[in-house]
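Quick notes on the structure that follows.
The values are calculated or read from the model by the stated rules, or taken from the named source; none is laboratory data. What you see is a predicted model, and the numbers here were worked out from it, not measured in a lab. Every residue, glycine as well, gets a Cβ built from its backbone with ideal geometry; the counts of neighbours run over all protein chains shown.
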């Protein structure tokens with residue numbers, strides 16, 4: 001009974017507390033509704049803007065078919081065009097060394113290189129002169145006797161034309177003339193031997209290495225020195241058959257191409273790059289069996305003379321390594337910047353609706369700056385040359401024309 005009574009009292013107390021607080025709860029509820037209504041009424045309104053669609057920028061050039069001389073590069077080592085082993089033509093002791101004193105020395109055509117003792121050859125020439133004089137006297141004597149024989153025959157009334165050749169002294173006359181010719185030939189030989197004791201330079205050149213020195217005895221055929229001409233140097237340039245086709249070179253007569261081909265040689269010397277113009281000399285007559293390459297021979301005249309424009313340019317010394325750039329006959333093709341070439345040998349174009357199109361092409365050649373296209377592009381098409389993020393076939397582009405393709409001249413490096 002007591003527990004039941006206590007429970008009823010607790011319920012009565014709770015009911016009293018709720019009745020006292022309900023106005024407060026109602027006020028809070030009304031305030032919340034008012035605040036929500038105010039926020040809805042006075043909420044900020046966003047400005048409405050019309051969205052403008054932006055397209056990727058596509059820089060392009062116009063494809064144009066025109067004659068182009070495609071540059072081809074090669075490389076090689078400079079060699080002397082004329083390189084000889086100087087040998088003695090007579091025997092004797094070397095009495096004087098002139099321009100052959102040191103390896104690397106220069107000389108001019110006709111300069112004295114060395115002298116061989118000429119005593120024996122001077123005596124031989126004196127003896128030959130005496131023999132010639134004796135033969136001349138013998139000929140005079142026989143001619144006189146032949147004339148006297150004709151006179152005697154006429155005096156006795158005989159016709160000289162009907163006499164024997166022996167009676168007219170003709171055999172003796174022929175023998176005397178032959179003896180004189182032989183003596184004169186011996187004199188000429190002695191004179192040549194005498195001249196050959198002084199070894200002179202056959203051209204403007206340089207000493208590679210000398211093999212003899214003063215006081216040394218040499219025989220005919222003894223090696224005196226290795227020398228080469230400084231008048232002209234050459235370089236053998238290996239080219240593949242594909243590169244020879246680009247230059248217009250055929251494996252037959254190329255005389256018409258010699259004057260039209262332009263060749264420039266480049267080399268580094270003391271951290272500086274230098275350039276030499278060269279000319280095509282000839283094409284070698286066979287392919288190298290080891291690598292199936294054709295060798296072109298280019299030559300440079302007066303490689304040791306200073307150039308007016310490049311006074312500090314070093315000479316083209318044999319053994320120097322050079323790179324060569326060759327341009328031959330023009331070909332009617334399309335020339336584009338290298339940046340137009342995409343992965344897989346493709347290019348990107350802009351069609352008439354300003355949409356991107358991908359196309360495969362046939363590449364004739366390429367270098368660091370340009371790509372030369374044989375087929376796959378039509379005249380007047382728009383070729384994209386810049387990079388585009390996430391390029392998709394048919395995507396809309398914003399075209400921008402680039403007017404010029406010309407770039408500064410550099411040494412090309414073909415791939």
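A few points about this structure:
- Any hit, the stretch 273-281, residues being over 27 Å from residue 205 (Cβ atoms) and modelled with pLDDT under 90: yes
- Residue list for the stretch 189-203, filter: part of a loop (DSSP other than H, G, I, E, B) and surrounded by fewer than 19 Cβ atoms within 10 Å (Cβ to Cβ): 196, 202, 203
- Look at (1) free of Cβ contacts under 8 Å to residues at least 12 places away in the same chain; (2) in contact with a helix residue (DSSP H, G or I) (Cβ under 7 Å, 6 or more places away or on another chain) and you find that residue 248 fails only one, number (1).
- Subset of the stretch 204-249 that is part of a loop (DSSP other than H, G, I, E, B) and closer than 30 Å to residue 364 by Cα - its residue that is modelled with the highest pLDDT: 240
- Here the condition is being surrounded by 13 or more Cβ atoms within 10 Å (Cβ to Cβ), touching a helix residue (DSSP H, G or I) at 6+ places or on another chain (Cβ under 8 Å) and at pLDDT 90 or above; of 383, 350, it holds for 383 alone.
- Boolean, residue 102 is surrounded by fewer than 17 Cβ atoms within 10 Å (Cβ to Cβ) and in the same structural domain as residue 375 (by TED's automatic domain parsing): no
- All positions within the stretch 320-368 that are under 29 Å from residue 250 (Cα atoms), in contact with a strand residue (DSSP E or B) (Cβ under 6 Å, 6 or more places away or on another chain), touching a residue at least 40 places away in the same chain (Cβ under 8 Å) and not in a strand (DSSP E or B): 320, 330
- Selection count, the stretch 313-345, where residues are loosely packed, with under 13 Cβ neighbours inside 10 Å and more than 22 Å from residue 279 (Cα to Cα): 3
- From 73, 90, 131, residue being part of a loop (DSSP other than H, G, I, E, B), in contact with a helix residue (DSSP H, G or I) (Cβ under 9 Å, 6 or more places away or on another chain) and surrounded by 13 or more Cβ atoms within 10 Å (Cβ to Cβ): 90
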